[in-house]
């Protein structure tokens with residue numbers, strides 16, 4: 001087996017040869033990735049079920065189809081993304097070619113998490129391939145079945161000189177990061193992100209961080225409680241709550257809570273039946289370690305469990321759980337839950353709800369449920385988050401036309417669609433000039449004169465150019 005350095009050197013040699021730059025090569029590799037998905041769908045579904053107990057329905061829409069859609073979108077738009085972007089000029093550059101050209105960065109590293117072990121490795125990879133890079137991917141060892149499948153399939157379908165899979169845990173990742181990359185794309189926890197940044201700083205490598213945080217759901221004013229409960233339950237307990245964009249907690253008034261709780265119970269019963277443990281549509285916690293963390297977190301809460309609360313260690317099962325009477329200092333409010341536990345806090349006003357959110361780190365997603373447009377707009381205009389979604393959860397991240405990423409502690413940078421292409425591209429500023437206008441360059445050459453300066457300022461002024469236009 002090649003060492004990490006040999007892998008990176010092999011890919012860098014391929015990149016330096018220029019083989020990844022042509023449009024046709026990029027399209028061929030994206031098409032090969034599409035074939036990999038089409039021809040191995042059942043193997044993919046099996047590995048996801050083995051790792052997380054993912055129902056086929058959830059696996060298809062969140063791991064398979066989202067990758068299909070991203071691939072089709074990239075293939076359809078690649079030519080336009082690669083075109084030079086011409087920019088406005090002033091009088092001094094009127095006859096020049098002035099444009100921005102997207103160039104691949106080189107050899108990039110993608111480190112993926114375990115909760116969506118296929119989607120979160122392939123979606124950034126699609127952007128990197130479309131931008132013309134060579135790619136090293138590091139799947140999560142926690143989702144071992146999917147890691148093994150990815151390591152088996154990528155070399156079969158993709159150019160091995162340009163794309164490689166590195167397996168292993170924390171020690172292997174640490175060793176891998178000792179190599180110089182041209183960009184590092186990491187999805188995971190903020191704790192590990194700090195280690196990624198330290199390693200990247202040695203080589204001054206730019207980094208994209210897709211992190212998480214406690215995504216709030218603020219329910220206020222008039223609202224269709226039945227629909228709100230169903231959408232909230234779906235978004236929260238999809239993949240057993242192991243989503244970085246899952247609603248982490250709910251803020252609402254006491255009156256809203258009184259109406260919401262029966263609707264939540266009804267939605268949970270409709271979705272997962274009287275005994276969720278026997279329901280095939282509810283995923284499992286990824287590992288015993290993560291199961292233990294969640295059970296202990298729930299045990300530390302001083303809130304009141306009004307729905308669920310039961311669990312089974314052998315099956316890594318935790319029932320969809322709703323907790324009320326939660327205080328700001330509660331254990332469930334101190335860390336991202338990342339599991340099927342939904343704490344609900346009450347607030348007296350919309351302003352206090354917004355203040356509560358703004359006093360904390362900026363979340364990856366912020367959800368508002370309300371029939372009143374002024375409420376939605378007030379929250380939108382007076383808050384900051386990676387993404388924003390009104391009257392639903394998670395669905396905003398499924399659109400390739402929208403950038404997906406965090407802000408502040410929830411991440412740096414974004415991807416999906418053209419945004420992934422941009423993340424893995426260098427925007428090179430280009431000015432192509434001939435010799436015909438040399439006689440006008442006397443304005444800028446020494447010996448300097450005040451009248452030349454006046455003319456020069458006029459020819460380079462944006463205001464003068466706008467007035468002439």
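The values are calculated or read from the model by the stated rules, or taken from the named source; none is laboratory data. Computed from a prediction, not measured in an experiment: that's the story for all the values here. Heads up, the Cβs are rebuilt from the backbone with ideal geometry, glycines too, and the neighbour counts pull from every protein chain shown.
On inspection, residue 420 qualifies as assigned by TED's automatic domain parsing to the domain that holds residue 21, touching a residue at least 12 places away in the same chain (Cβ under 8 Å) and farther than 27 Å from residue 269 by Cβ. Of all the numbered requirements in (1) without any contact (Cβ under 8 Å) to a residue 60 or more places away in the chain; (2) in contact with a strand residue (DSSP E or B) (Cβ under 6 Å, 6 or more places away or on another chain); (3) at positive phi, residue 408 misses one, and that requirement is (2). Taken over the range 300-315, the criterion of being part of a loop (DSSP other than H, G, I, E, B) and either farther than 25 Å from residue 191 by Cα or assigned by TED's automatic domain parsing to the domain that holds residue 188 (or both) is satisfied by 302, 303, 308, 309, 310, 313, 314, 315.
Can you find a residue in the range 270-279 that is under 16 Å from residue 342 (Cβ atoms) and touching a strand residue (DSSP E or B) at 6+ places or on another chain (Cβ under 8 Å)?
Within the range 270-279, the subset under 16 Å from residue 342 (Cβ atoms) is 271-272, 276.
Imposing the further condition that a residue be touching a strand residue (DSSP E or B) at 6+ places or on another chain (Cβ under 8 Å) reduces the set to none.
No; the residues of the range 270-279 include none that is under 16 Å from residue 342 (Cβ atoms) and touching a strand residue (DSSP E or B) at 6+ places or on another chain (Cβ under 8 Å).
Residues that are in contact with a helix residue (DSSP H, G or I) (Cβ under 7 Å, 6 or more places away or on another chain) and either assigned to a helix (DSSP H, G or I) or not assigned by TED's automatic domain parsing to the domain that holds residue 227 (or both) within the range 382-399 comprise just one, 398.
Residue by residue, here is whether (1) more than 30 Å from the chain's Cα centre (by Cα); (2) modelled with pLDDT under 95; (3) in a helix (DSSP H, G or I) holds:
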site	(1), (2), (3)
268	no, no, yes
277	yes, no, yes
283	no, no, no
294	no, no, yes
298	no, no, yes
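Checking each residue in the range 5-30 for being in contact with a helix residue (DSSP H, G or I) (Cβ under 7 Å, 6 or more places away or on another chain) and assigned to a helix (DSSP H, G or I) picks out 23, 26, 27, 29, 30. Report yes if residue 78 is assigned by TED's automatic domain parsing to the domain that holds residue 161 and over 20 Å from the mean Cα position of the chain (by Cα), otherwise no. Judged against the criteria, residue 78 is a match. Scoring residue 49 on the criteria (1) touching a helix residue (DSSP H, G or I) at 6+ places or on another chain (Cβ under 9 Å); (2) exposed (fewer than 13 other Cβ atoms within 10 Å of the Cβ); (3) part of a helix (DSSP H, G or I) leaves a single failure, condition (2).
Is it fair to say residue 26 is on the phi < 0 side of the Ramachandran plot and within 25 Å of the chain's Cα centre (by Cα)? It is true that residue 26 is on the phi < 0 side of the Ramachandran plot and within 25 Å of the chain's Cα centre (by Cα). Exactly one residue out of 365, 390 is within 21 Å of residue 210 (Cα to Cα), at pLDDT 95 or above and surrounded by 11 or more Cβ atoms within 10 Å (Cβ to Cβ): that is 365.
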